[in-house]
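I have placed the structure first, in the form of structure tokens, so that the comments after it can refer back to it.
Computed from the coordinates by the stated procedures, all read-outs in this text should not be read as laboratory data. Every value quoted in this text rests on a predicted model; they were computed, and no experiment measured them. Cβ: placed from backbone, ideal geometry, glycine included. Neighbour counts: every protein chain shown.
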Amino acid sequence: MRLRTLSALAGAVTLSLVTGCAQGDGTGASANTVTYWLWDANQLPAYQACAKGFEKENPGLDVKITQLGWSDYWTKLTAGFIAGTQPDVFTDHIQKFGQFADLNVLEPLDDLGIEESDYQPGLAANWIGQDGHRYGAPKDWDTVALFYNEKLAKDAGLTAAELNGLSWNPKDGGTFERAIAHLTVDNLGRRGDEPGFDKNNVKVYGLASNGGGYADGQTQWSPFTGSAGWSYTDKARWGTKYQYDSETFQSVVQWYFGLAEKGYMVPFADYNVQSNQANTQIAAGKAAVTFDGAWMISTYDGFKGMDIGSAVTPAGPTGRRATMMNGLADSITKASENKAGARKWVAYLASDRCQSVVGRYGVVFPATPAGTEAAVAAYEKKGIDVSAFTEPVADTEDFRTFSYPITNYAADVTALMQPAMEDIYGNGAPVSGLDKTNDQINLVLDQ
Amino acid sequence: MTIASSSPPVRRRGDGALAAVFIAPAMLGFLVFLLWPTLRGVYLSFTRFNLLTPAEWVGLDNYVRMVNDPIFWDSLTVTVEYVLINIGVQTTAALAIAVLLQRLTQSSLLRGIVLTPYLMSNVVAGLVWLWILDTQLGIGNEIISALGFDRIPFLADETWAIPTIALINVWRHVGYTALLIFAGLQAIPNDMYEAAKVDGASEWRMFWRVTMPLLRPVLAVVLIMTVIGSFQVFDTVAVTTAGGPANATNVLQYYIYGSAFGRFQFGYASAMSVALLVVLSAITVLQYRLTRAGQSDLG
């Protein structure tokens, strides 16, 4: 009898756990709930604050936010699209946009009243698909700048003004190459530009490495290819031909990876996407400067016992400086069961009301000018100067900003470019091999 | 009530139904999780399918593409290289450990220790080794450097990467494999060794003349199992090198995964999976035949 009671109890508990789990999943399909996914844990508190404001404005509607790490995020989202457990709204990345548009899983947002002029330049336009419909509402933006270890720079006699005034060219590398050569120190204390420098026994590299840069080189070679005037594709958006076969591109890539050959940049063998990215190399004191994105500002600021400054990217052969300007957006899933609520939430996310709140947390630059201003003020309050990231957006004369390549088959392009670039960087393969890779890529795009 | 009866068992009516009930859960699992996915995978290999829109029949297109895809052949070569190193080193080491365990010690503590790495998940083992072997920051390379040698880019160099991943997995699996072989050794009657000793055979000679022949069926099964497992290497690659550098560790399973879940080419990924199934089946049949796994020399 007792045993029977126990097993009945156990059964009941199990059942309640199972049903409890079922209720607690990410979908929460209900007319009163809007589910929202994002990947950046740093941004979670900011968006929770935003959700509070939204719920106040819309009594009876709840926002349920789920945060997942970058790689789990896309796996789970893909699985969600297949299984029908996708969120109503999710943070979307421009590189995935083409694929999602192709898979027809996004809801058009034409009626949300998103105006180009309400956001920083270019951010809204990127989210219009080839069919002319809008699929994303601008959320935030980031640019790339040069982070540097202030002490190592000072030891090398480089001032902040000098680091902000660097220029480069693919022939002799210009003042940029001279600076990173001088920042490089071998095991015997000889600098990279001093006689007897031993490139095979380097203690501190001038420039850190973020690997081969896949197909975009966002924090690797794109500040150089961009300031040399090169573009990924034949058109700004939805191009049909990639241009990795261009002479300009190949000469820049050859010079850039050549920096590792000369011992000024961390060699490919020392880089690992899991264990040793550029920020780790800087934190470990193994490299003096690195290109990295605005989303890393707080990370670099948080290095204990190390002051990190930031400078604008070097000016290139075109006379201008360049940085990728990438913007995230919020998208609604086509299979969302609460589209009305989702629309309201996305409209709110894209408004100044939310973006100014997010800006005040000082973790990201929101897409609206007011949101950006709030973020700059918040960073300032923390004692972080972010002008190296905001200047390129404000000063369009001296700076060129460009977007991630927006085309179909982005995943295929990456799959083909990643090994090709690693082969050049790691194995010294000739850059002319990119002609063939480019042909393969364009063949895929022609499908 | 008698426990044992000498009379022949009487086949009662209804046994079949009862048996069906007992078999049903396993049968259901087999049908749902094995047979159906296999059949569907074979079907999908003849289609263009992105998961979200209906599959479109393309005949042999995926297979033609596979035969002409240099990356497929490259990943097959990389996989075979991995299997050869992994199985070669692992089997030899496991056999040595098992024989030492049997001939030298009765300590169950030692047997337990041998199994310890196996208790760790593949992903954790991969990550721990990744950190130990990191070229710039890993403690392994710090030691190598302190000893006056050049740092070794274990996971970042195309020559080193596959042997390193193969050896990481040897480290994790060797204890388990040794234990399987050890169980096989336990089945060899002790009189065999005693008789050999009386005849004046050395340990070395006993190993080759007694242990190896009698262990053959067990060793064959262990080999078949580990070779199949080895061909399916994925997680260690995913966490340590992600297929790099420059596709040097792009093993077949990783290529299949990337094609399916990264590029949404489920049809092509299915075709490669079918190819892997065919390769594995052929290898298994061949191994089974060559090692006469179904027969024992004992008795």
- Note on the structure: Restricting the range A:421-445 to residues that are touching a residue at least 24 places away in the same chain (Cβ under 8 Å), within 11 Å of another protein chain (Cβ to nearest Cβ) and hydrophobic (A, V, I, L, M, F, W, C), the one nearest to B:ARG263 (Cα to Cα) turns out to be A:VAL444
- Task: Quick one: in the range B:231-248, of everything that is over 17 Å from the mean Cα position of the chain (by Cα) and among the hydroxyl-bearing types (Ser, Thr, Tyr), which residue is surrounded by the most Cβ atoms within 10 Å (Cβ to Cβ)?
- Result: B:THR240
- Of all helices (runs of 4 or more DSSP H) fully inside the range A:271-364, the set with 2 or more residues that are away from chain B (no Cβ under 14 Å) is A:297-301, A:339-349, A:352-359
- Task: Output yes when any residue across the range B:214-230 is within 17 Å of the chain's Cα centre (by Cα), away from chain A (no Cβ under 14 Å) and within 20 Å of A:ALA415 (Cβ to Cβ), and no when none is.
- Result: no
- Message: I want to confirm something. Restricting to the range A:75-98 and keeping residues that are hydrophobic (A, V, I, L, M, F, W, C) and more than 21 Å from A:SER403 (Cα to Cα), which single residue is farthest from the other protein chains (Cβ to nearest Cβ)?
- Response: A:VAL89
- Task: Please verify whether the range A:44-58 includes one or more residues that are away from chain B (no Cβ under 14 Å) and closer than 30 Å to B:GLY258 by Cβ.
- Result: yes
- What are the pairs, 6+ residues apart or on separate chains, where a residue within the range B:261-276 that is at the interface with chain A (Cβ under 8 Å from one of its Cβ atoms) has its Cβ under 6 Å from a residue that is assigned to a loop (DSSP other than H, G, I, E, B)? B:PHE264/B:ASN50
- Take A:ALA394 and decide whether it is more than 13 Å from chain B (Cβ to nearest Cβ), out of contact with any Gly (no Cβ under 7 Å at 6 or more places or on another chain) and surrounded by fewer than 22 Cβ atoms within 10 Å (Cβ to Cβ). yes
- Picked from the range A:397-420 (must be part of a loop (DSSP other than H, G, I, E, B) and among the β-branched types (Val, Ile, Thr)), the residue nearest to the other protein chains (Cβ to nearest Cβ) is A:THR407
- Message: Just to be sure I understand the filter: pairs with C-beta atoms under 7 Å, separated by 6 or more residues or on different chains, first member in the range B:130-150 and within 10 Å of chain A (Cβ to nearest Cβ), second member in a helix (DSSP H, G or I) and of a type in the set (Asp, Glu). Which pairs pass?
- Response: B:THR135/A:ASP270; B:GLN136/A:ASP270
